[in-house]
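One structure is given below, encoded as structure tokens.
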Amino acid sequence: MTDSKNTATLTVHGKEYELPVHSPTAGPDVVDIRKLYGQAGVFTYDPGFTSTASCDSTITYIDGEKGELLHRGYPIDQLAEKSHFLEVCYLLLYGELPAAKDLEQFETTITRHTMLHEQMQYFYRGFRRDAHPMAIMVGVVGAMSAFYHDSTDISDPRQREVASHRLIAKMPTIAAWAYKYHTGQPFVYPRNDLDYASNFLRMCFSVPAEEYEVNPILSRAMDRIFTLHADHEQNASTSTVRLASSSGANPFACIAAGIACLWGPAHGGANQACLEMLEEIGSVDRIPEYIARAKDKNDPFRLMGFGHRVYKNFDPRAKVMKQSADEVLDLLGVENNPKLQVAKELEKEALQDPYFAEKKLFPNVDFYSGIILEAMGFPTSMFTPIFALSRTVGWVSQWKEMIADPQNKIGRPRQLYLGETLRDYVDIENR
Ligand code: SDX
């Protein structure tokens, strides 16, 4: 394939085809193959979508080589330091940092949507107490379409906006109630006099028997963790939400599909798997054994929290998370947290090993997050629900962008068929 400024020439079976090349505001050019099958009668082949742009978007840009993550052009480290989660939600949803009055109005809107329909609490009672909170979140979020039917008409921009606000606002309540149900403690209702992160912490950790004071260190750390997980381009769960939405399914069902995909240990489930790995390693003297296992092709073990499809340099979120882990544990007086010591030594030894250097494997967002969350009092089973809570704004923003795109059509990939060709049925007596 050769290319000029804005076309690429592909030769297939001796015939040449001109394909348009589109240039982005940042990142690689794309070769537009939409007409390829019609013109050349061939498909492209890209399992795992390693070289495929599934859409165009203006929300988040990642430069994997530089280790850069921009939300509407603003770098994640500046947003994590200077902004806060609901302002980042506004930025992702509407494209610009809000003026003070717009931010206040947005925060009031979200705050006033944090309660769930009272009937929804009975959904929780159908689960076993030891159900994984992600199983509960998938079920309860999918059921929201039965309770908030007045914001399921995706052709109505106002209903799309109300559904977006409801999902962002109610996810902390849904996640906190999943945790409370797991512990056997009573549900705690949200409070309108608390900020988003403080409300979530109080719904998780307060009990009716005593007053609960939100620790400002924890709420700031919680808010920063929400921001670091908010959106990440066309990752697996966001692509799931986009594909589900392309059929016209209601937003609650589509976000439930995203939650289900995020649960996998190769994706959002890695934060839980990483902490469990650090627990299993236990001490720094066992690190070489696990690094050897991670390099052994015959051993399915991988270093959880390491590697990334896009980042071939440090995940910028991991850098912020590592700083935050030091700060939070220090401020909480958690001296010499063994898992943090193992994590830091594991990172150091892995990054000195040629295997990881050659394959450009670095810590990702999930490597340090679990250490902070555990120090804050969360069980490992709540790590991925917190990721899902944070990523809801990313899913919703990408969903809104796609639904509003006039080019939007149902996603329907093709395949490389390697099965049997046409053959006649054989009666059972002749088999
Ligand atoms: C998230 O996409 C996103 O943006 C996701 C995310 C988001 O915000 O939405 O960033 C969140 O999901 C972060 C990733 C969390 N997952 C983990 O930490 C699980 C451990 N890491 C991996 O399994 C893996 O690195 C992936 C899934 C993250 C990326 O997989 P790829 O891009 O498909 O890479 P690959 O599996 O083809 O691996 C390339 C090579 C392989 O070796 P070879 O076959 O080339 O010899 O690197 C090796 C892999 O065996 N490798 C690892 C490894 N990750 C990749 N070896 C040891 N330990 C690892 N963690």
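The values are calculated or read from the model by the stated rules, or taken from the named source; none is laboratory data. Everything numeric in this text was worked out from a predicted model, so none of it was measured. Because the Cβ atoms are built from the backbone with ideal geometry, glycine has one as well, and the counts that use them run over all protein chains shown.
Out of curiosity, is R128 outside any helix (DSSP H, G or I) and free of Cβ contacts under 8 Å to residues at least 12 places away in the same chain?
yes
Give the number of residues within segment 406-429 that are hydroxyl-bearing (S, T, Y) and under 33 Å from the mean Cα position of the chain (by Cα).
Matching residues across segment 406-429 total 1.
Please give the number of the condition M144 fails out of (1) at pLDDT 95 or above; (2) touching a Ser or Thr at 6+ places or on another chain (Cβ under 8 Å).
Tallying (1) at pLDDT 95 or above; (2) touching a Ser or Thr at 6+ places or on another chain (Cβ under 8 Å), M144 fails exactly one: (2).
Any residue in segment 303-313 that is more than 19 Å from the chain's Cα centre (by Cα), under 30 Å from R202 (Cα atoms) and at pLDDT 90 or above?
no
Specify which of the listed residues (S283, S369) is closer than 29 Å to E81 by Cα and of a type in the set (S, T, Y).
When all the criteria are applied, what remains is S369.
Table: residues versus (1) of a type in the set (A, V, I, L, M); (2) touching a residue at least 12 places away in the same chain (Cβ under 8 Å); (3) in contact with a Cys (Cβ under 7 Å, 6 or more places away or on another chain); (4) assigned to a loop (DSSP other than H, G, I, E, B).
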{"residue": "M171", "(1), (2), (3), (4)": "yes, yes, no, no"}
{"residue": "Y179", "(1), (2), (3), (4)": "no, yes, yes, no"}
{"residue": "H182", "(1), (2), (3), (4)": "no, yes, no, no"}
{"residue": "V188", "(1), (2), (3), (4)": "yes, yes, no, yes"}
{"residue": "D193", "(1), (2), (3), (4)": "no, no, no, yes"}
{"residue": "M203", "(1), (2), (3), (4)": "yes, yes, no, no"}
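Quick check on my filter: what residues within segment 31-72 are closer than 16 Å to G394 by Cβ and small (G, A, S)?
Matches in segment 31-72: S54, S57.
In segment 224-239, which residue that is assigned to a helix (DSSP H, G or I) and crowded, with 21+ Cβ neighbours inside 10 Å is farthest from the chain's Cα centre (by Cα)?
R224
Looking at this structure, is A292 farther than 20 Å from V365 by Cα and part of a helix (DSSP H, G or I)?
For A292, the condition - farther than 20 Å from V365 by Cα and part of a helix (DSSP H, G or I) - is met.
F123 fails exactly one of the following numbered conditions: (1) surrounded by 13 or more Cβ atoms within 10 Å (Cβ to Cβ); (2) over 23 Å from A221 (Cα atoms); (3) modelled with pLDDT of 95 or more. What is the number of that condition?
Unmet condition: (3).
Every residue in segment 400-412 that is exposed (fewer than 12 other Cβ atoms within 10 Å of the Cβ) and either among the hydroxyl-bearing types (S, T, Y) or modelled with pLDDT of 95 or more (or both), please.
Once the filter is applied, which keeps residues that are exposed (fewer than 12 other Cβ atoms within 10 Å of the Cβ) and either among the hydroxyl-bearing types (S, T, Y) or modelled with pLDDT of 95 or more (or both), segment 400-412 yields I410, R412.
Answer yes or no as to whether F356 is within 10 Å of the ligand (Cβ to nearest atom) and within 17 Å of M321 (Cβ to Cβ).
no
Of the residues T60, T50, only one is closer than 29 Å to P316 by Cβ, touching a strand residue (DSSP E or B) at 6+ places or on another chain (Cβ under 7 Å) and among the hydroxyl-bearing types (S, T, Y); which?
Answer to the check: T60.
Output the residues belonging to segment 58-75 that are within 19 Å of I168 (Cβ to Cβ) and touching a residue at least 40 places away in the same chain (Cβ under 8 Å).
I59, T60, H71
When segment 361-412 is examined, which residues are found to be among the polar types (S, T, N, Q) and in contact (Cβ under 8 Å) with a residue 12 or more places away in the chain?
N364, S369, T380, S381, T384, S390, T392, S397, Q398, N408
Which residue is nearest to the ligand (Cβ to nearest atom), if the candidates are limited to segment 334-346 and must be free of Cβ contacts under 8 Å to residues at least 60 places away in the same chain and in contact with a helix residue (DSSP H, G or I) (Cβ under 7 Å, 6 or more places away or on another chain)?
Result: L340.
Scan segment 326-382 residue by residue and report those that are in a helix (DSSP H, G or I), under 28 Å from S206 (Cβ atoms) and among the small types (G, A, S).
S369, G370, A375, S381
Mind listing just one residue for me: the one in segment 282-316 that is more than 18 Å from P265 (Cα to Cα) and among the charged types (D, E, K, R) and, of those, farthest from the ligand (Cβ to nearest atom)?
Looking at residues that are more than 18 Å from P265 (Cα to Cα) and among the charged types (D, E, K, R), I get D285.
Which residues, taken from segment 265-281, are at pLDDT below 95, more than 7 Å from the ligand (Cβ to nearest atom) and either among the β-branched types (V, I, T) or in a loop (DSSP other than H, G, I, E, B) (or both)?
G269
Regarding segment 77-100, can at least one residue be identified that is surrounded by fewer than 13 Cβ atoms within 10 Å (Cβ to Cβ) and more than 24 Å from the chain's Cα centre (by Cα)?
yes
Give the residue that is farthest from T50 (Cα to Cα), with candidates limited to residues of segment 310-325 that are assigned to a loop (DSSP other than H, G, I, E, B) and in contact with a helix residue (DSSP H, G or I) (Cβ under 9 Å, 6 or more places away or on another chain).
Looking at the filtered set, the residue picked out is D315.
Since A8 meets every condition but one in (1) crowded, with 17+ Cβ neighbours inside 10 Å; (2) under 25 Å from the mean Cα position of the chain (by Cα), which condition does it not meet?
Just one mismatch for A8, condition (2).
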